[in-house]
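Reading through the structure tokens given below for one structure.
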Amino acid sequence: MGQGEAMRGTRQTRLPIEAIEKTLDVLVVERQRLHEQQSGPGPLEANRRAILYWQHELVEARRPASASG
């Protein structure tokens, strides 16, 4: 599966919206910590991709069931 394939179609996870929002909160705090510690491009890029993934999952989770698929 290519990078873009996971971002299209059905949700990859079935977590509740609240769990996805909490995951995003944790990732944002982690990103701030990575910036403060000057962690370099690798960890920041991994964090960015994780945030994008979970933002997409949140959009999909909020989409009405009839609209997915």
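Using a 1.4 Å probe and counting only protein heavy atoms, arrange Arg62, Arg31, Arg48 so the residue with the most accessible area comes first. Walk me through the numbers before you get to the answer.
Working: Arg62 140, Arg31 65, Arg48 95 Å².
From most exposed to least exposed: Arg62, Arg48, Arg31.
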Original post:
With every protein chain present, what accessible area does His35 have (1.4 Å probe, heavy atoms only), rounded to the nearest 10 Å²?
Top reply: 110
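The values are calculated or read from the model by the stated rules, or taken from the named source; none is laboratory data. This structure is a prediction, so every number in the text was calculated from the model and none was measured. Quick note on the areas: whole protein, heavy atoms, side chains included, nothing else; ligands and nucleic acids left out. Shrake-Rupley method; radii C 1.70, N 1.55, O 1.52, S 1.80 Å.
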